[in-house]
C-alpha cells in the first residue's frame, strides 16, 4: 500500500505521553478546527504513537505560513500579541477548572464533548502563542517575550490535566466492558465514537496492535490510520538516521560543552544520570527539572522559543539546542558528544560501543 504522507518533509513539533485518541482530537484541531476559528491552520499533521507515547509532526512550510500570518497581524497591531497571551492565561484557568468539575460528574458523551470544546477553545490561544513567537519581528519579540513566556508557563499544567482527564474518562467507560483504559485510548476516533454512542467494542487484539504502534495522518480533508507491522517500516522511510555524526538545531541558550549523552524519554524511569551528563530527549516537561539541573547541556528533538526546554535552559543558564529532529534516534546513551549551543550543532565524537 502507498501512503501519500511519506514524502512531505515532516518536522517534529512535540513528543510525550499522549495517547493515539488524544492525537486524533489534537490533529482535528491543528487542521480543521483552527481553520474554522482563525481562517487558517497548520493544514496537515502526522502522529506516531507507541504504547501511549506519541510524537507530532508538522510540515515546516505550513507552520511557517501559519506563523508568518500571525506575525503579520502583530506587525499591524502589536498589542494583539499581549491579547493572545492574556487569552491563553484566561483559557488555561477555564479549562483547568472545567476539568476538575467534569471529574466529579458521570463519564458521558455529553461531558466528553464539553471537555473537547474547552480543549479546542484553549488550543486556539495556545497555538497562536506557541507558533507566533518563532516568527515575530525582533522588536516585537523583545517587547513581548516576557509576557508570552509568563503565559506559556502559566499554561504548563494543561498538558497533564487534559491527558489525565482522558485517562479518567477511559477508565470509567472501559470498566463496564472489562477494557483496560490504555486500550480505550488506543482507539481511532471512529472506533471511540462507536464505542461511546453504541457500545460497539473493537476486537481487543486489534486494539492491542494499535496500542503497540500506530500512525495517524490528518489534513483538511483526509484522515488515515496505519497500525501493525507496517508502522516500523514507515518510520524507517520517514526518518533516515544512519551514519549521522552531526545534528543541527536551534540554540535556546548558548555555550559549548562536551559530555556523556543520556537519552531519556521518560523522566520517571532514569537508571543513571551523573552531574555534567548531557540530557538528550524528545522534549522536556516539569518532571525533567531535577535532571536538567544536573545536566551539562540539554538537547531535544522538538521545541521552539517557548518550549519548556528553552524556557528552563534560559532560567538555569544551561547550554541548550532544541528542534534537532532526530537526536534521540542518532545519539545513544553513553556516546561522547559535543554541544555547540552557540551555533546549534551537536557532534557525536565517539560512539558508546567503540
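The values are calculated or read from the model by the stated rules, or taken from the named source; none is laboratory data. Worth saying up front: this structure is predicted, and the values here are computed from it rather than measured. Cβ coordinates were reconstructed from backbone atoms using ideal geometry, including for glycine residues, and neighbour counts include every protein chain displayed.
Name the single residue, out of those in region 299-320 being touching a strand residue (DSSP E or B) at 6+ places or on another chain (Cβ under 7 Å) and more than 24 Å from residue 127 (Cβ to Cβ), that is surrounded by the most Cβ atoms within 10 Å (Cβ to Cβ). So, considering only residues that are touching a strand residue (DSSP E or B) at 6+ places or on another chain (Cβ under 7 Å) and more than 24 Å from residue 127 (Cβ to Cβ), the one surrounded by the most Cβ atoms within 10 Å (Cβ to Cβ) is 299. Elements of the type helices (runs of 4 or more DSSP H) sitting completely within region 1-93 and holding at least 1 residues that are modelled with pLDDT under 95: these cover 60-76.
Residue 120 passes every criterion in (1) within 25 Å of residue 181 (Cα to Cα); (2) buried (at least 21 other Cβ atoms within 10 Å of the Cβ) apart from (2).
Scanning region 205-245 for residues that are farther than 26 Å from residue 179 by Cβ, in contact (Cβ under 8 Å) with a residue 24 or more places away in the chain and part of a helix (DSSP H, G or I) turns up 234, 235, 237, 238. Look at residue 30 and say whether it is in contact with a strand residue (DSSP E or B) (Cβ under 6 Å, 6 or more places away or on another chain) and within 23 Å of residue 282 (Cα to Cα). So residue 30 fits the description; yes. Test residue 151 against the criterion of being crowded, with 19+ Cβ neighbours inside 10 Å, under 18 Å from the mean Cα position of the chain (by Cα) and not in a helix (DSSP H, G or I), and give yes or no. No, not satisfied. Determine, yes or no, whether residue 265 is assigned to a loop (DSSP other than H, G, I, E, B) and not assigned by TED's automatic domain parsing to the domain that holds residue 147. For residue 265, the condition - assigned to a loop (DSSP other than H, G, I, E, B) and not assigned by TED's automatic domain parsing to the domain that holds residue 147 - is met. Does region 11-31 contain at least one residue that is more than 17 Å from the chain's Cα centre (by Cα) and in the same structural domain as residue 72 (by TED's automatic domain parsing)? No, every residue in region 11-31 fails to be more than 17 Å from the chain's Cα centre (by Cα) and in the same structural domain as residue 72 (by TED's automatic domain parsing).
Taking each residue of region 335-350 that is free of Cβ contacts under 8 Å to residues at least 60 places away in the same chain and looking for partners that are surrounded by 13 or more Cβ atoms within 10 Å (Cβ to Cβ) with beta-carbon atoms closer than 7 Å, six or more apart or interchain, yields 350/335; 350/336. Which members of region 191-227 meet the condition of being under 23 Å from the mean Cα position of the chain (by Cα) and exposed (fewer than 13 other Cβ atoms within 10 Å of the Cβ)? Listed by number, the residues that qualify are 220, 221, 222. If you go through region 321-339 and keep only what is surrounded by fewer than 20 Cβ atoms within 10 Å (Cβ to Cβ) and under 17 Å from residue 256 (Cα atoms), you end up with 336, 338.
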